[in-house]
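The values are calculated or read from the model by the stated rules, or taken from the named source; none is laboratory data. No experiment lies behind these values; they were computed from the predicted model shown. Every residue, glycine as well, gets a Cβ built from its backbone with ideal geometry; the counts of neighbours run over all protein chains shown.
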Amino acid sequence: MLTLLKNARLYAPAAMGLKHLLITDRRIAAVLDPEASVDEHFPGLEVHDLEGRRVIPGLVDPLVHMTGGGGEGGFGTRTPELRLEDAIASGVTTLVGALGTDALTRTPANLLGKVRELAAGGLSCYAYTGSYQLPPVTLTGSVAEDIVHIPEFIGVGEVAISDHRGSQPSAHELARLASESRTAGMLAGKSGIVFIHTGDAEGGLEILREVARTTALPIAQFMPTHINRTAALFEDGLRFARDGGRIDFTTSTTQELLADGEVPASEAAARALKARVDPSRISLSSDANASLPRFDAEGRFVGLEAGRLDSLFEVLGECVNDHGIALEVAVGLASTHAADALGLKRKGRLAVGQDADLLVLGDDDWAIDQVWALGQCLHRRDTNR
């Protein structure tokens, strides 16, 4: 099927002005100037006039607990799985699933099944093998085998550092894991990224620096998240990014976490850009359906809320509307940079040959009018337009 999206005010993410997008076979076949001659009566061509509305790449979320999370307070505190309808409406068209604290009652097989369920609904879905703990839980028996032989596994994570819920890995253990993942990624044409859960313990990101100092592994092989968890970790993250590392800010939060010193993700992004961190080193993730737990001074669980996938689009809006970040820059934070870090070459940009994943934004408010994934319109806010 051929689809023509007329009069899109395109952010690819660079601002391109008014363009027509021709979509075929799930990808963008052409980006045309409005003056270009197009036979709108061509057999099989479906035409949609977007009337000058802004169009941005579909969001890329590098951390989604799609099988649910939690359990730190017992079985009654487990968070639910991600629902397909919620995923579609969120504006996130590419999701990467992960296990977290619980790799005992939730498994890589559960995760892979959920990835394929969401993909059957029209989204692009991937996953990390492993979990918080080392040695990592896997589907085949090894991280390398999972990455090489299972298409959806693109790296390993969410491995915990500086957190009492992790296995307190040594630099040597992390280096061996990163080497295995990196080599497997090279063989499979994937990133082999090591996605890192960063807690609020004093060590911060130092163990990742130690791996980079003492081995041949590049510091960008790691992608640490929750860097806005505390003011101290945020400052550590800025130093890490200036040294060539990647940093990821978490968009889901609670009032309690903010009161305890978490830096709001949009503020963290604005401050990082003002501090002249290379924008390509910064990304955003939702931590959707994870538990956002609270612990007392003794590390005892006292409560939790669940992360929200739609927080990624909300924070993108805060970046633009509250902090004055240009839309083309903000889109990079919520889409392009994660796609690049994860080695998803057809994601995060709207150009010829890229997957036709895009959001049509509202005229007068920060809202999503339409969600297109792999060339299909999966969600419309206003069916009359």
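Just a few scattered comments:
Residue by residue, here is whether (1) modelled with pLDDT under 95; (2) in the same structural domain as residue 315 (by TED's automatic domain parsing); (3) within 25 Å of residue 312 (Cβ to Cβ); (4) touching a Lys or Arg at 6+ places or on another chain (Cβ under 6 Å) holds:
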position: 27; (1), (2), (3), (4): no, no, yes, no
position: 41; (1), (2), (3), (4): yes, no, no, no
position: 65; (1), (2), (3), (4): no, yes, yes, no
position: 80; (1), (2), (3), (4): yes, yes, yes, no
position: 91; (1), (2), (3), (4): no, yes, yes, no
position: 94; (1), (2), (3), (4): no, yes, yes, yes
position: 97; (1), (2), (3), (4): no, yes, yes, no
position: 121; (1), (2), (3), (4): no, yes, yes, no
position: 125; (1), (2), (3), (4): no, yes, yes, no
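- Verdict on residue 61 being in a strand (DSSP E or B), modelled with pLDDT of 95 or more, acidic (Asp, Glu) and at negative phi: yes
- Test result for residue 102, outside any loop (DSSP other than H, G, I, E, B), in contact (Cβ under 8 Å) with a residue 12 or more places away in the chain and not small (Gly, Ala, Ser): no
- Output for segment 161-193, where each listed residue is crowded, with 16+ Cβ neighbours inside 10 Å, outside any helix (DSSP H, G or I) and in contact (Cβ under 8 Å) with a residue 40 or more places away in the chain: 161, 162, 165, 190, 191, 192, 193
- Residues of segment 210-237 classified as surrounded by fewer than 16 Cβ atoms within 10 Å (Cβ to Cβ) and within 14 Å of residue 199 (Cβ to Cβ), total: 1
- Subset of segment 349-378 (residues that are assigned to a loop (DSSP other than H, G, I, E, B), on the phi < 0 side of the Ramachandran plot and surrounded by fewer than 20 Cβ atoms within 10 Å (Cβ to Cβ)): 351, 352, 354, 362, 363, 364, 365, 366, 367
- Segment 73-100 - residue that is polar (S, T, N, Q) and farther than 14 Å from residue 128 by Cα and, of those, surrounded by the most Cβ atoms within 10 Å (Cβ to Cβ): 93
- Conditions (1) touching a strand residue (DSSP E or B) at 6+ places or on another chain (Cβ under 7 Å); (2) within 25 Å of residue 180 (Cβ to Cβ): number failed by residue 215: (1)
- So residue 269, is it in a helix (DSSP H, G or I) and either in contact (Cβ under 8 Å) with a residue 60 or more places away in the chain or crowded, with 24+ Cβ neighbours inside 10 Å (or both): yes
- Per-region count, segment 308-329, residues under 17 Å from residue 90 (Cβ atoms), surrounded by fewer than 21 Cβ atoms within 10 Å (Cβ to Cβ) and of a type in the set (Gly, Ala, Ser): 1
- Residues considered: 385, 346, 381. Of these, the only one that is modelled with pLDDT under 95, surrounded by fewer than 24 Cβ atoms within 10 Å (Cβ to Cβ) and touching a strand residue (DSSP E or B) at 6+ places or on another chain (Cβ under 6 Å) is 381.
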